Amino acid sequence: MSSSATLHRRPLVKEILKGSDDNLLVIGGLGSSNWDITDAGDRPLNMPLWGAMGAPVGMGLGLALAQPSKRVLVITGDADLMMSLGSLATVATQQPGNLAICVLDNEKFGETGNQASHTSPRNNGPTNSGAGADLAMIARGCGIADSDTVREQADVAKLVKDLRTTKGPVFRLVKVMVEKLDFVMPPQDGAHLKDRFRQALLGSA
Ligand SMILES: Cc1ncc(C[n+]2csc(CCOP(=O)(O)OP(=O)(O)O)c2C)c(N)n1
């Protein structure tokens, strides 16, 4: 079990993505985050990454800079972000006002069997211990001033508002429970995902 989490990721992501329109571009991190996003409703303006661990924040930053009139929302896992911590510092150099990053932190490598990830506490014993890494603190230390951690249902309404509308860059670490959930997969063909995203965003050009 995750140390203290009480939030369920599926209804949470559904709430975050409620009422998504053409203004919202969503980049999904590999594995569990993508199943959550797809469960909320597959749409062309979702770009779920398959296997590209560590890529979502960089991709979200590029998209935010290229499409300043759109809101870009990255939803990913703690271990995914841990692969590319430097991307947070690059976000901070650019300060994109239209970028929000939401990290669903279950303190595990969920997709590969729930091994303790770096955000797991150090007290799990020598073979299954994390480092207690605090990704919100890391994001703030990188220069993303609006970085915070959300743990309670009571804070979800503000979380949704911040991710969808507050001037970026916004970083939210959300502590979520470890749960065994059904796979709800988006299309698996990367070329198709890219083409439908481009078409929905740019038209047939
Ligand atoms: C470079 C690379 N290393 C390892 C993997 C295998 N892998 C796939 S998902 C995953 C764990 C993802 O954990 P997290 O991002 O925290 O998401 P969770 O499923 O726990 O929500 C790993 C290690 C990969 N796809 N790419």
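Derivation of every value follows stated rules applied to the coordinates shown; laboratory data play no part. Computed from a prediction, not measured in an experiment: that's the story for all the values here. Ideal geometry is used to build each Cβ from the backbone, glycine not excepted, and the neighbour counts take in all protein chains shown.
Once label points are set 7 Å from the Cα along Cα→Cβ at both THR90 and ASP148, what is their separation, rounded to one decimal in nm?
Each label point is offset 7 Å from its Cα along the Cβ direction, giving 2.8 nm.
Determine, for ASP146, ASP189, ASP162, ASP36, the number of other Cβ atoms within 10 Å of each Cβ, and report the residues in order from fewest to most.
Details: ASP146 15, ASP189 11, ASP162 20, ASP36 26.
Fewest to most other Cβ atoms nearby, the residues stand as ASP189, ASP146, ASP162, ASP36.
Please report, for the Cα atoms of the stretch 78-205, the Rg to one decimal and the Dmax as a whole number; what are they, in angstrom?
Gyration radius and largest Cα-Cα distance of the stretch 78-205: 16.8, 55 Å.
Give me the number: length gained by fully extending LYS180 to ALA66, i.e. 0.36 nm times residue separation minus the C-alpha to C-alpha distance, one decimal in nm. Before the final figure, lay out the partial values.
Working: separation 114, 0.36 × 114 = 41.04 nm, distance 3.69 nm.
Extending this stretch completely gives an extra 37.3 nm.
How do THR6, THR166, THR76, THR119 rank when sorted from fewest to most other Cβ atoms within 10 Å of their own Cβ? Write down the numbers at each step before the final one.
Details: THR6 11, THR166 14, THR76 30, THR119 26.
Lowest count first: THR6, THR166, THR119, THR76.
Among HIS118, HIS8, which comes first, then next, by fewest other beta-carbon atoms within 10 Å?
Neighbour counts put them in this order, fewest first: HIS8, HIS118.
Counting Lys and Arg as +1 and Asp and Glu as -1, what is the net charge of the other residues whose Cβ lies under 13 Å from the Cβ of TRP50?
After counting each charged neighbour, the total is -2.
Order these peptides, 134-141, 95-102, by their mean beta-carbon neighbour count within 10 angstrom, highest first.
Per-residue mean Cβ counts within 10 Å order the peptides as 95-102, 134-141.
Relative to a virtual label point 7 Å from the Cα of VAL156 in the Cα→beta-carbon direction, which members of the stretch 15-37 show backbone nitrogen distances below 15 Å?
15-19, 36-37
Quick one: of LYS70/LYS180; LYS14/LYS158; LYS108/LYS161, which pairs are farther than 24 Å apart, Cα to Cα?
Beyond 24 Å: LYS70/LYS180; LYS108/LYS161.
Looking at the square roots a ≥ b ≥ c of the eigenvalues of the Cα gyration tensor of the stretch 1-115, which shape do they give, rounded for a/c under 1.5, prolate if a/b is larger than b/c, or oblate?
Note, shape of the stretch 1-115 comes out oblate.
Antiparallel as a % of all DSSP beta bridges within the stretch 21-147, to the nearest 5?
The answer is about 10 percent antiparallel.
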